[in-house]
């Protein structure tokens, strides 16, 4: 430990409270990165109370057997020699499941401190854990803590510092005597170079025939043959394979430990179980989820979030400005009405404490500084930068509210139930509940959503999930929904109230339809992956952890807005505002004469059958492939969103020239379902690890989006006008093909499908 530095590794099962503990002891200073060579996320930060202590938060895993990238990375880090001590976070309400990993970590020979988290829930349930006995049985210190309530944390890290000074430990737990005898003989065959505290670990790994461990030990042929002989004989005697033997022995040790160290209160149904009888009910579970998500999007988009967004767009970034606490607004409105055609001459500052909008303040400052009114610099700053970013930041309030509510649902334990509920649905369409986890993550951002697919063991299921997970509207797509709901049907709040949440479920329907179609093809046919899940007890989220989750999501959006989106809006401003005038490149008065118009007209015909063949819409759709937020920023420049009136009528009047209600919905459908942003495409490329599969995934997403949008618009036009066109015929053919792919019989699987549920009380 050079320079008195202590490196602490946090290990534990998913949902054991490890992340809550990490956020508590490090604050918001965690560095998020990836393990070398893989895309598994890691977090590292200094301990708030002692900067000499570095905390590394390992991925949540159930075992050190390297069946997944997370398990491989965790084991490699533990065996690298970097950590001085391991804090094994254990959910004290579910000792059996959590102690399995704890035993494996202890077997590594590293100094270990077991942190029994959720001590408050143990006490509430009336259970008692004898930590002294448990410490003796495990051979390492055991501390009771509550990361949620910040109890026992100081004592925990006092013990961590003491344990870090030790040189490691030999595990105290023992298996059956016959197994111990075999392990003892294997230890005798290990090279002398293996340290005493790690001989047990490598003996167990050689017994399990762990290929990685075998490579590290590099036994001679004679000793390797002797070890194999010992293992094979043990398998014959026990009538089981080596790995299953060790697994059974560990659970046997755990059962003995629990019998001696845990005193359970008389059995009674917990609050979580009572709630789950309703929310996970086979009949009520899915409708409840639909209602909850409807309320989330209704609040975030149509009511509270919409009100704040209107203020941001119209007053803060617009030209209207606002009166502090509304003082003077009525008098100003009366003066404007009385002035009639001379309304522009009315000075709002005469009627109360008036604050002009950012666009107005920036414009006035530039003009006062000598910039030409309406000139190049004025147009670049006000129209290109402020106007474009204003259109984006106007939707931050809605995104903030959405993330607040979704993070609450995740942290309180409800979203884990949703995965279980959706498994029942997805399994009918060829997917497992594991596919819903990446889709749930994608509701925040498609990049980590795609990366989360690595937990799906079945390669066919994993690839299909990668192709479909970005159908779920991410935070970047929320501004698109909000824009069209607020500007196009904003005059009908009742309609907007139910249509806005409907577009979230459009993504779910797209996933289900795709699962039905793709699972029936040779590329993806096969049995869905069995689903094993642990349900955490319902609890109120830790405010700090909740706030950090919201901040991380919002800050990611803001950073993108200040970099990629800013550059994109400037480029859109230049291409739209400049063109050839008298053979020279110069600013144009009419956007239809700009470079962007010329480019857009060359590709607009592709989208004409969808109802939006105007160059502005075509350009916005393409800029959305860079970042979905760009779509709104592009409209902000091309349609003057920042200059819209408070009631949206001016913007709607301009927007309506290019969009009808049907074409607007068609535009929204296409952009919600088509290929995601460049960053998410990069994640698809990494997870597919194949160029052809990547192109196939992106091509499928765009093709599916085009087909759905085409069918919606053409059928809608036929029903409203009664006119049957070539486009209608083409849409009918596409619809028939999709129906065939959906309804054709699928190959029946042999055997039963396994669904396992582990409940954490």
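The values are calculated or read from the model by the stated rules, or taken from the named source; none is laboratory data. Predicted, not measured: the structure shown is a model, and the values here were computed from it. Cβ placement follows ideal geometry from the backbone for every residue including glycine, while neighbour counts extend to all protein chains displayed.
A single member of 223, 215 is assigned to a helix (DSSP H, G or I) and free of Cβ contacts under 8 Å to residues at least 24 places away in the same chain, and it is 215. Remark: pairs (first residue in the stretch 336-355, more than 18 Å from residue 324 (Cβ to Cβ); second residue part of a loop (DSSP other than H, G, I, E, B); Cβ separation under 7 Å; 6+ apart in sequence or on different chains) = 336/346; 339/346.
Screening 127, 84, 132, 91 for residues that are touching a residue at least 40 places away in the same chain (Cβ under 8 Å) and over 24 Å from residue 23 (Cβ atoms) leaves exactly one candidate, 127. In the stretch 126-140, is there at least one residue being crowded, with 17+ Cβ neighbours inside 10 Å and under 19 Å from residue 15 (Cα atoms)? The answer is no; no qualifying residue exists.
Of all residues in the stretch 709-724, how many are over 14 Å from residue 736 (Cβ atoms) and either touching a helix residue (DSSP H, G or I) at 6+ places or on another chain (Cβ under 9 Å) or touching a residue at least 60 places away in the same chain (Cβ under 8 Å) (or both)? Talk me through it step by step, then tell me what you get.
Quick first cut of the stretch 709-724, residues over 14 Å from residue 736 (Cβ atoms) only: 709, 712-713, 716-724.
Those still in the list that are either touching a helix residue (DSSP H, G or I) at 6+ places or on another chain (Cβ under 9 Å) or touching a residue at least 60 places away in the same chain (Cβ under 8 Å) (or both) too: 709, 712-713, 716-718, 720, 723-724.
Total meeting the criteria: 9.
Within the stretch 169-184, track down each residue that is surrounded by fewer than 16 Cβ atoms within 10 Å (Cβ to Cβ) and farther than 18 Å from residue 86 by Cβ. Of everything in the stretch 169-184, those that are surrounded by fewer than 16 Cβ atoms within 10 Å (Cβ to Cβ) and farther than 18 Å from residue 86 by Cβ turn out to be 174, 176, 177, 178, 180, 181, 184.
Name the single residue that is surrounded by the fewest Cβ atoms within 10 Å (Cβ to Cβ) among those in the stretch 283-310 being part of a loop (DSSP other than H, G, I, E, B) and modelled with pLDDT of 80 or more. Before you say what the answer is, go through the steps one by one.
Initial filter on the stretch 283-310 (part of a loop (DSSP other than H, G, I, E, B)): 283-284, 303.
Checking which are modelled with pLDDT of 80 or more leaves us with 283-284.
Numbers: 283: 7, 284: 13.
Ranking the qualifying residues of the stretch 283-310, first place goes to 283.
I'd like to know if the stretch 2-19 contains one or more residues that are modelled with pLDDT under 65 and more than 21 Å from residue 146 (Cα to Cα). Scanning the stretch 2-19, I find at least one residue that is modelled with pLDDT under 65 and more than 21 Å from residue 146 (Cα to Cα), so the answer is yes.
Restricting attention to the stretch 698-745, the residues being surrounded by 13 or more Cβ atoms within 10 Å (Cβ to Cβ) and either in contact with a strand residue (DSSP E or B) (Cβ under 7 Å, 6 or more places away or on another chain) or in a loop (DSSP other than H, G, I, E, B) (or both) number 1. Before we move on, is residue 321 crowded, with 18+ Cβ neighbours inside 10 Å, modelled with pLDDT of 70 or more and either under 15 Å from residue 397 (Cβ atoms) or in contact with a strand residue (DSSP E or B) (Cβ under 8 Å, 6 or more places away or on another chain) (or both)? Yes; evaluated as a whole, the condition is true for this residue.
Looking at the stretch 246-258, can you tell me whether even one residue there is in contact with a helix residue (DSSP H, G or I) (Cβ under 6 Å, 6 or more places away or on another chain) and farther than 19 Å from residue 137 by Cβ? Within the stretch 246-258, not a single residue is in contact with a helix residue (DSSP H, G or I) (Cβ under 6 Å, 6 or more places away or on another chain) and farther than 19 Å from residue 137 by Cβ. The set of residues from the stretch 189-203 being over 40 Å from the mean Cα position of the chain (by Cα), closer than 13 Å to residue 217 by Cα and assigned to a helix (DSSP H, G or I) comprises just one member, 199. Considered as a group, the residues in the stretch 540-558 that are at pLDDT 80 or above and either part of a loop (DSSP other than H, G, I, E, B) or outside the structural domain of residue 409 (by TED's automatic domain parsing) (or both) include one that is nearest to residue 399 (Cα to Cα), and that residue is 541.
Only helices (runs of 4 or more DSSP H) whose full extent lies in the stretch 39-145 are considered here, and the ones with at least 3 residues that are in contact with a strand residue (DSSP E or B) (Cβ under 8 Å, 6 or more places away or on another chain) and closer than 26 Å to residue 249 by Cβ are 69-78, 95-107, 131-138.
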